[in-house]
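Okay, so here's the structure we're looking at.
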Amino acid sequence: METLDIYGDNRFKTYTKIRESCRGIVIRDNEILLSYETNTDTYNIPGGGLEHNESFEECCSREVAEETGFKVEVINKYFLTNEYYEDWLFISHYYICKCVGTTARKLSPREIKVGMEPRWVPLQDAIEIFSKHQDYAASDEEKRGIYLREYNALQSFCKQNVSEV
């Protein structure tokens, strides 16, 4: 499994806070399921924070369902990122998932505020979107970091010649 470390320009010498999250790669008909924030024009691979007493696989499945309304079966973990910003270490566990049904979405207040919605995007288009991470370096460090993380996750996914699930 590949691991990538990302260091933000605003990182401190040491981190005092850690947030772990899980993200799901869901491919169907050569399209990838993404979360899109209509009010910020930002794409993400669906996922979110690990809750108390929850396994990584349970977190991935729950977060994908809450954000997108698609139930998934978690197949396997294939990628990990460690991101360092200010006094934070953000750890993202990436899983390949298979769509197995639908459910009601359960958006957080923040997700409602940014207008989050699910979007199926051709895989190559998603790679192109995330490849523009450096375009945000001067204006939006958070978006730059998100896009850099997602770009590398998708590059790793494609490099490993993982077939569509």
The lysines whose Cα lies under 27 Å from the Cα of LYS71, excluding any fewer than 8 residues away in the same chain, are LYS98, LYS106, LYS113, LYS143, LYS159
Here the residues of the stretch 93-118 lying in the modelled label zone of THR38, meaning backbone nitrogen under 17 Å from a point 7 Å along Cα-to-Cβ, are 105-118
Of all GluC sites (Glu not before Pro) in the stretch 84-151, the ones in DSSP coil with at most 16 other Cβ atoms within 10 Å are GLU86
Simple SL model, points at 7 angstrom along Cα→Cβ for CYS158 and LYS13; separation in nm is 4.0
Reviewing [x] 9.5; [y] 10.0; [z] 12.1, the figure for mean projected area of the Cα convex hull in nm² actually calculated from this model sits under [x]
Percent relative contact order for the chain, counting Cα pairs under 8 Å at least six residues apart, stands at 30
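Per the 1.4 Å probe, what fraction of the accessible area of the stretch 35-148, in percent, lies on carbon and sulfur atoms?
On the way: 2700 of 5420 Å².
Of all accessible area on the stretch 35-148, carbon and sulfur atoms account for 50 percent.
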The distance between the Cα centres of the stretch 103-165 and the stretch 21-84, in whole Å, is 10
Loop-resident GluC sites (Glu not before Pro) in the stretch 22-64 with no more than 12 other Cβ atoms inside 10 Å, DSSP not H/G/I/E/B, are GLU51
Filtered hits (aspartates and glutamates, Cα-Cα < 18 Å from LYS17, offset >= 8 within chain) -> ASP5, ASP9, GLU51, GLU83, GLU86, ASP87, GLU142
Taking a ≥ b ≥ c as the square roots of the Cα gyration tensor eigenvalues, with a/c under 1.5 meaning rounded and otherwise prolate when a/b beats b/c or oblate if not, the stretch 98-165 comes out oblate
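The values are calculated or read from the model by the stated rules, or taken from the named source; none is laboratory data. Note that this is a predicted model, so its numbers are computed, not measured. When we count neighbours, we look across all protein chains shown, and the Cβ atoms used for this are built from the backbone with ideal geometry, even at glycine. Just so you know, the surface numbers come from the protein's heavy atoms only, side chains and all, with ligands and any DNA or RNA stripped out. Shrake-Rupley method; radii C 1.70, N 1.55, O 1.52, S 1.80 Å.
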